[in-house]
Amino acid sequence: MPKQSEQSALNYAAIKKLEAKPQRYEVYDSVVSGFNVRVYTSGLKTYSLMYRVGTKQKRITIGKVGELSLADARKKALEYRALIKDNIDPQKIREANKKEAERKPLTVRELAAEFEA
């Protein structure tokens with residue numbers, strides 16, 4: 001079954017009025033290409049960006065509506081668009097940052113051993 005999608009200039013009032021439907025759907029922004037609000041059957045709303053890497057279409061979630069303002073989400077989408085324009089996949093950067101954040105910090109002994117080497 002195809003997914004429903006709409007397009008309009010997103011604003012906070014319009015996003016607030018979006019209601020859950022029996023099937024997940026997206027409402028695309030007419031200001032930033034690929035930027036959208038995804039509404040889940042549970043009523044959860046998220047900002048995301050659809051983009052292409054080569055021939056593969058991808059989606060990156062920017063954040064939850066309510067935890068992130070529309071202006072901040074659009075700004076992040078534009079930052080991702082700039083990376084995509086330079087042939088950089090924003091998901092790869094996000095994954096690398098997550099791995100770096102999860103990396104176990106070195107102990108003083110391990111740090112000293114690296115310094116001596």
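The values are calculated or read from the model by the stated rules, or taken from the named source; none is laboratory data. None of the values given here were measured: they were computed from a predicted structure. Please note: Cβ atoms are built from the backbone with ideal geometry, for glycine as well, and neighbour counts cover all protein chains shown. Side chains included, ligands, DNA and RNA excluded: accessible areas come from the protein's heavy atoms. Shrake-Rupley method; radii C 1.70, N 1.55, O 1.52, S 1.80 Å.
Structure summary
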quantity	calculated
Compactness of the range 54-117 - radius of gyration and Dmax, Cα, Å	17.6, 50
Largest to smallest accessible area among 109, 94 [probe 1.4 Å]	109, 94
9 Å beta-carbon shell around residue 51, net charge (K/R +1, D/E -1)	+3
Whole-Å distance, taken between Cα centres, linking the range 81-99 and the range 35-67	15 Å
Additional length obtainable on full extension of the chain from residue 108 to residue 30, 0.36 nm per residue less Cα span	22.8 nm
Relative frequency of Cα-Cα separations exceeding 22 Å in the chain, percent	45 percent
DSSP-loop GluC sites (Glu not before Pro) across the range 19-117, with at most 14 other Cβ within 10 angstrom	19, 67
Neighbourhood net charge (13 Å Cβ-Cβ; Lys/Arg +1, Asp/Glu -1) for residue 101	+2
